[in-house]
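Comments concern the structure below.
Each value in this text was obtained by applying a stated rule to the coordinates, not by laboratory testing. This structure is a prediction, so every number in the text was calculated from the model and none was measured. Backbone-built Cβ (ideal geometry, glycine too); neighbour counts: all protein chains shown.
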Amino acid sequence: MRKFTAAFVRLPEEESVRARVFVMPKKEVLDPQGKAVARSLHALGFTEVGEVRVGKLIELELRASDRHQAAERTEAMCRKLLANGVIEDFSFEIEE
């Protein structure tokens, strides 16, 4: 039986880019963690704080032939895994 191992070989035309994905609860979805943070901040004397919503920041390093390909792949990752489309919205930025 032959064993195969996965190896990521960088092709010469590929470059490394960083994607920053921001995932937030949709506005119409209750955010109990955000409410808890707001209450705690008020209790600590930060009364100027209004609504708080808590989300996630996900940083990815990608190999891609260009920014367009990196954006397409990042969006696919968000739709398939990184964000729950029912209760979360996402946005992202691609950095070189």
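Values as computed for the structure displayed
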| item | result |
| --- | --- |
| For segment 15-95: relative contact order, % (alpha-carbon pairs under 8 angstrom, 6 or more apart) | 51 |
| Least to most buried among THR47, THR74 (fewest other Cβ within 10 Å first) | THR47, THR74 |
| Pairwise Cα inverse-distance average, inverted: Kirkwood Rh of the chain (Å) | 16.1 |
| Fewest-first ranking of ASP31, ASP66, using other Cβ atoms within 10 Å as the exposure measure | ASP66, ASP31 |
| Among LEU44, LEU82, LEU57: highest mean-square fluctuation, GNM of the chain, C-alpha pairs under 10 Å | LEU44 |
| Angle between the chain longest axis and helix 32-43 axis [Cα atoms, degrees, rounded to 10] | 50 |
| Crossing angle, helix 67-77 versus the chain [Cα axis fit, 0-90 degrees, rounded to tens] | 60 |
